[in-house]
Amino acid sequence: MNKSVQGFLKLITDALRDLAPIIIVIAFFQIVVLQQPFPNIGGILVGLACVVLGLALFVQGLEMGLFPIGEAMATAMTRKGSLFGLLSFAFLLGFGTTVAEPALIAVAAEAADIAGQSGALANTVEVKANYAFGLRMTVALSVGAALVLGVYRILAGWPIQYFIIGGYILVVVITFFAPPEIIGIAYDSGGVTTSTITVPLVTALGVGLAATIKGRNPLLDGFGLIAFASLTPIIFVLIFGMVA
């Protein structure tokens with residue numbers, strides 16, 4: 001067996017191991033708690049195989065492509081020595097990856113549709129499309145701003161905990177003044193922004209930046225950008241709801 005086949009089998013094994021807990025939980029509740037057979041067991045097994053294969057290829061793609069290119073870009077921008085250029089790059093990276101995030105696109109469209117059905121918006125295609133677009137742009141701007149703050153924090157060496165604690169205190173305060181119908185969307189937006197596209201590049205940016213700057217520890221200083229990227233959308237969307 002050659003090395004490429006062994007490597008592929010290892011990817012599949014690792015993916016199956018990672019998925020094993022959720023598979024066991026679902027099987028336990030279906031068989032022991034609900035005491036019902038699995039509907040369409042053949043389709044479920046085929047779907048499970050697709051998930052395992054997809055996860056294995058996805059992780060391999062991150063290791064081969066997104067993580068190296070993110071670290072390389074962070075290193076290159078740092079060596080240029082331009083603070084404005086580095087912060088601009090961080091903003092555009094956060095904005096661009098968030099706009100392209102499939103989970104955010106889906107959530108924004110669903111939020112607009114439900115708002116239209118409930119009467120919070122005019123239930124027309126144009127109004128709902130504008131609302132969904134505005135929501136996406138608000139979240140994208142918030143992630144861009146979060147990366148600017150996070151990158152500057154790494155450069156300055158400021159402790160991250162004060163920003164996170166202060167940010168969530170601000171979230172609690174704004175929540176009392178925000179319309180009730182936007183609160184759930186705002187809190188969920190912090191999760192959907194940190195998904196398939198955003199997380200690998202943002203993490204690679206932070207680690208690469210910390211590894212390049214003298215006196216910074218990639219483990220201590222390189223991580224934490226995702227925390228900013230999941231916190232600021234909550235604040236921005238709450239404000240968006242108050243304005244819109």
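The values are calculated or read from the model by the stated rules, or taken from the named source; none is laboratory data. Keep in mind that what you see is a predicted model, and the values were worked out from it rather than measured. Glycine also receives a Cβ, built like all others from the backbone with ideal geometry; neighbour counts cover every protein chain displayed. Only protein heavy atoms, including side chains, enter the accessible area calculation; ligands, DNA and RNA are left aside. Shrake-Rupley method; radii C 1.70, N 1.55, O 1.52, S 1.80 Å.
Summary of computed values
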read-out	value
Complete set of residues in segment 118-156 that are under 20 Å from Gly85 (Cβ atoms) and open to solvent by 50 Å² or more (accessible area, probe 1.4 Å)	Leu141, Leu149, Tyr152, Leu155
Flag for Tyr162 being surrounded by fewer than 21 Cβ atoms within 10 Å (Cβ to Cβ) and touching a residue at least 60 places away in the same chain (Cβ under 8 Å)	no
Residue list for segment 115-129, filter: more than 23 Å from the chain's Cα centre (by Cα) and assigned to a helix (DSSP H, G or I)	Ala115, Gly116, Gln117, Ser118, Val125, Glu126, Val127, Lys128
Ile185 being within 23 Å of Gly241 (Cα to Cα), at pLDDT below 90, open to solvent by 20 Å² or more (accessible area, probe 1.4 Å) and among the β-branched types (Val, Ile, Thr)	yes
Elements of type helices (runs of 4 or more DSSP H) contained in segment 1-112, each with 1 or more residues being of a type in the set (A, V, I, L, M, F, W, C), more than 28 Å from Val148 (Cβ to Cβ) and open to solvent by 60 Å² or more (accessible area, probe 1.4 Å)	3-28, 41-61
Segment 154-181, residues that are at pLDDT below 85 and within 27 Å of Ala244 (Cα to Cα)	Glu181
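Every residue, every condition in (1) assigned to a helix (DSSP H, G or I); (2) closer than 16 Å to Leu104 by Cα; (3) not polar (S, T, N, Q), yes or no:
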| site | (1), (2), (3) |
| --- | --- |
| Gly144 | yes, yes, yes |
| Tyr152 | yes, no, yes |
| Val173 | yes, no, yes |
| Ala178 | no, no, yes |
| Thr203 | yes, no, no |
| Pro233 | yes, yes, yes |
| Phe236 | yes, yes, yes |
| Phe240 | yes, yes, yes |
